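This report concerns only the one structure given below.
The values are calculated or read from the model by the stated rules, or taken from the named source; none is laboratory data. This structure is a prediction, so every number in the text was calculated from the model and none was measured. Cβ sites come from the backbone with ideal geometry, for glycine too, and all protein chains shown count toward neighbours.
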Amino acid sequence: MRLRGIIVPADWDENGRVTVAALSTFDEQIYKLDIEMPGDQLEAFLRKEVEVLGEFVGEGHNRVLAVKSCCRNADILEVK
């Protein structure tokens, strides 16, 4: 599945670092992301318009988008 939107913080640790990110799409949907990358790389994509390629895993409240790649303009981040 390919989705476009803005990556936003969804949860933080006790030091204020983002631990969970979500994709806020242009049709006002929000999807939690299973995206494995170092925090500094994730910070570079926060609040930016991106295109995400991945697949949904889990069900109900545990459903997340397992990200395979995320691109912002010319920056492409391959994950997993």
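Checking each residue in segment 1-50 for being hydrophobic (A, V, I, L, M, F, W, C) and in contact (Cβ under 8 Å) with a residue 40 or more places away in the chain picks out M1, L3, I6, I7, L23, I35, M37, V50. Condition check for K80 on (1) in a loop (DSSP other than H, G, I, E, B); (2) modelled with pLDDT of 90 or more: one failure, at (2). Residues in segment 44-65 that are in contact with a strand residue (DSSP E or B) (Cβ under 7 Å, 6 or more places away or on another chain) and farther than 20 Å from M1 by Cα: L46, R47.
Pairing residues of segment 58-71 that are in contact (Cβ under 8 Å) with a residue 40 or more places away in the chain with residues that are part of a strand (DSSP E or B) and hydroxyl-bearing (S, T, Y), at Cβ distances under 9 Å and at least 6 apart in sequence or on separate chains, gives L65/Y31.
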